[in-house]
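**Q** Before I ask anything, here is the structure I am working with.
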Amino acid sequence: MLPASWTRLARRCGAAVASIEPTAHLHVAMISLPAHLTPGARAFLELTRSYARRKGTGTS
């Protein structure tokens with residue numbers, strides 16, 4: 001099993017590639033402490049919150 005983004009490389013290496021039916025989706029949760037985040041961690045947290053809002057999954 002590989003992510004779809006690896007399909008082209010796998011085929012170039014000679015692997016047979018087939019889609020899985022029905023498709024599967026991975027849902028991920030993230031927990032963080034609100035204080036003492038590094039600038040990079042704050043940026044990552046905001047990016048994931050923005051993505052969750054667009055996907056309608058909500059955040060708290």
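The values are calculated or read from the model by the stated rules, or taken from the named source; none is laboratory data. Since the structure is predicted, the reported quantities are computational estimates derived from the model, not experimental observations. Here the Cβ is made from the backbone with ideal geometry for all residues, glycine too, and neighbour counts use every protein chain on show. Protein only, heavy atoms only, side chains kept; ligands, DNA and RNA dropped before computing areas. Shrake-Rupley method; radii C 1.70, N 1.55, O 1.52, S 1.80 Å.
**Q** Kirkwood hydrodynamic radius (Cα pairs, Å) of the chain?
**A** 14.8 Å
**Q** Of the peptides 33-41, 3-11, how do they stack up when ordered by the mean number of other Cβ atoms within 10 Å, highest first?
**A** 3-11, 33-41
**Q** If each DSSP helix of 4+ residues adds -39,500 (n - 2.57) and the sum is divided by the residues in the chain, what number results at 222 nm, nearest 500 deg cm²/dmol?
**A** The helix contribution divided over the chain gives -12000 deg cm²/dmol.
**Q** Here's a follow-up. Rank by packing, highest mean first: peptides 25-32, 44-51, with packing defined as the count of other Cβ atoms within 10 Å averaged across residues.
**A** On the way: 25-32: 6.9, 44-51: 12.4.
Peptide ranking by packing, descending: 44-51, 25-32.
**Q** Taking only protein heavy atoms and a 1.4 Å probe, what accessible area per residue, in Å², does the chain have with all protein chains in place?
**A** 98 Å²
**Q** Please report the carbon-and-sulfur percent of the accessible area for the chain; probe 1.4 Å, protein heavy atoms only, DNA, RNA and ligands left out.
**A** The value for the chain is 62 percent carbon and sulfur by accessible area.
**Q** Then there's this: If you line up the long axis of helix 39-55 against the longest principal axis of the chain, both from Cα atoms, how many degrees apart are they, to the nearest 10?
**A** The two axes meet at around 70 degrees.
**Q** Now a separate question. Which residue, Thr23, His36, Ala4, has the largest displacement toward the positive end of the dipole of segment 1-53 when charges sit on each Cβ (Lys, Arg +1; Asp, Glu -1)?
**A** Projecting each Cα onto the dipole axis, the largest value belongs to Ala4.
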